[in-house]
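The values are calculated or read from the model by the stated rules, or taken from the named source; none is laboratory data. Treat the numbers as computed from the prediction; the structure is a model and nothing was measured. Note: ideal-geometry Cβ built from the backbone for every residue, glycine included; neighbour counts use all protein chains shown.
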Amino acid sequence: QQQVKQSPQSLIVQKGGISIINCAYENTAFDYFPWYQQFPGKGPALLIAIRPDVSEKKEGRFTISFNKSAKQFSLHIMDSQPGDSATYFCAVPYGQNFVFGPGTRLSVLP
Amino acid sequence: GAVVSQHPSWVICKSGTSVKIECRSLDFQATTMFWYRQFPKQSLMLMATSNEGSKATYEQGVEKDKFLINHASLTLSTLTVTSAHPEDSSFYICSASLGAGHQPQHFGDGTRLSIL
């Protein structure tokens, strides 16, 4: 079974600050590593994803950094906004599916 | 694009009732659909994977006779919770992807099921 860890469990950031969430996995994995954003009472929404042939991908204020040898990847949210307050899940390929991390609850203070 | 609609969004019913939840991919054909269960402040737990026209693959510990999954077309999968009991109360979420393997999954908005 693939083990996926996320840190921190919760994060409080001031508006305009940088939010950084880390994801680590144990077993070798390939293909595709996504981050999902979930608001209360809603389903997760795909935020950004990376394929392991690159070490970094940026989309607007969101950046994924991928360290294949360390089996880690992180999500950076630049210029964090109160509207970014949500729970973030990383996902790691496993078998035919994904294993989701336990989630990080982000609160961005106005 | 890649919109997944889930219905109903909330259902409250008495113990012993069977409840059907629908998951539709609105603007793409979903070869594979997934059903998850999520408890408050916890991560998503995969219940089963379904491919159009074939039987669903259930995760270990998930009762296939309790949670009936039908994926009759490339745009519709249903989850029926049979003879629901209070312990089945949870947030059920479906997702759909274009193909097998590690493709982007697009999630519905979930169904909150409360069994009295």
* Asked: Given the structure, is B:I69 assigned to a strand (DSSP E or B) and more than 14 Å from chain A (Cβ to nearest Cβ)?
  -> yes
* Are any residues in region B:24-42 within 22 Å of B:H85 (Cα to Cα) and crowded, with 16+ Cβ neighbours inside 10 Å, and if so, which ones? -> B:W35, B:Y36, B:R37, B:Q38
* Does any residue of region A:12-23 turn out to be within 14 Å of chain B (Cβ to nearest Cβ), farther than 18 Å from B:Q103 by Cα and either more than 13 Å from the chain's Cα centre (by Cα) or surrounded by 13 or more Cβ atoms within 10 Å (Cβ to Cβ) (or both)? -> yes
* Only one of these is within 10 Å of the chain's Cα centre (by Cα) and either at pLDDT 95 or above or surrounded by fewer than 15 Cβ atoms within 10 Å (Cβ to Cβ) (or both): B:Q60, B:Q6. Name it. => B:Q6
* To do: Just need a number here: residues in region A:24-47 that are within 8 Å of chain B (Cβ to nearest Cβ), buried (at least 16 other Cβ atoms within 10 Å of the Cβ) and touching a residue at least 24 places away in the same chain (Cβ under 8 Å).
  => 4
* Taking only region B:107-116 into account, find how many residues are more than 7 Å from chain A (Cβ to nearest Cβ) and either under 13 Å from the mean Cα position of the chain (by Cα) or part of a strand (DSSP E or B) (or both). => 5
* To do: For residues that are more than 14 Å from chain B (Cβ to nearest Cβ) and in contact with a helix residue (DSSP H, G or I) (Cβ under 7 Å, 6 or more places away or on another chain), scanning just region A:97-110, find the one that is nearest to B:M45 (Cα to Cα).
  => A:V108
* Asked: Just checking, which of A:D79, A:D53 is more than 20 Å from B:Q38 (Cβ to Cβ) and in contact (Cβ under 8 Å) with a residue 60 or more places away in the chain?
  -> A:D79
* Asked: Does region B:80-99 contain at least one residue that is away from chain A (no Cβ under 14 Å) and assigned to a strand (DSSP E or B)?
  -> yes
* Any idea which residue in region A:92-104 is surrounded by the most Cβ atoms within 10 Å (Cβ to Cβ), counting only those that are part of a strand (DSSP E or B) and more than 11 Å from the chain's Cα centre (by Cα)? -> A:F98
* Can you pull out the residues in region A:57-96 that are under 16 Å from A:E26 (Cα atoms) and within 11 Å of another protein chain (Cβ to nearest Cβ)? -> A:C90, A:A91, A:V92, A:P93, A:Y94, A:G95
* Hits in region B:9-23 - residues which are more than 21 Å from B:S97 (Cα to Cα) and buried (at least 18 other Cβ atoms within 10 Å of the Cβ) -> B:V11, B:V19
* Return a yes/no flag: does region B:105-115 have any residue that is surrounded by 15 or more Cβ atoms within 10 Å (Cβ to Cβ), farther than 25 Å from A:L47 by Cβ and either β-branched (V, I, T) or modelled with pLDDT under 95 (or both). => yes
* **Residue in region A:76-86 that is out of contact with any Phe, Trp or Tyr (no Cβ under 8 Å at 6 or more places or on another chain), outside any loop (DSSP other than H, G, I, E, B) and of a type in the set (S, T, Y) present** => no
